[in-house]
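The values are calculated or read from the model by the stated rules, or taken from the named source; none is laboratory data. Remember, predicted model here, so these are calculated numbers, not experimental data.
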Amino acid sequence: MTVGAGAADPAGIYVAPGGTDSNAGTATSPFRTHRKTLQTVNPGLTIFVRGGEYRNSKMDSPYSGRTEASLVRITRDGTAAQPIIFRPFGNEYAKLVSDVSRIAMQGAGYWTIQGFEIAGNAQPLAYIAPTRRPG
């Protein structure tokens, strides 16, 4: 009988309810918040969201009207050749719960978002066009 090593976790950035933002963002050392994950991601990477419920830290507070209050605020671009993918890990169940925009895309493009349950009493997705991009 031959025993081989199990399949390695796919390369990408990981976030988990039990993670810590001082971690490396790997499968064995995941980040805790989407904010840290989104500050780290680059074109061509996949963000793997481990199973669990992710709530807005300001849930039930008065809404300030700012996109920073969103549970997930995306400001970085992928590219046509290297989109950024945001999805649950494997068959794990990830739920995004917020009473403000759950996912706000602020001028960002080339993203694939798939496989989440989105709950709460506000719009699930907001796209805010950039005022002007430098360059």
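Sort out which residues of the stretch 33-56 are within 14 Å of Pro88 (Cα to Cα) and among the charged types (D, E, K, R), and write them in order of number.
Once the filter is applied, which keeps residues that are within 14 Å of Pro88 (Cα to Cα) and among the charged types (D, E, K, R), the stretch 33-56 yields Arg50, Glu53.
Can you list the strands (runs of 3 or more DSSP E) lying wholly within the stretch 4-103 that have 2 or more residues being among the aliphatic types (A, V, I, L, M) and at pLDDT 75 or above?
Fully inside the stretch 4-103 and qualifying: 13-15, 46-49, 72-74, 84-88, 94-97.
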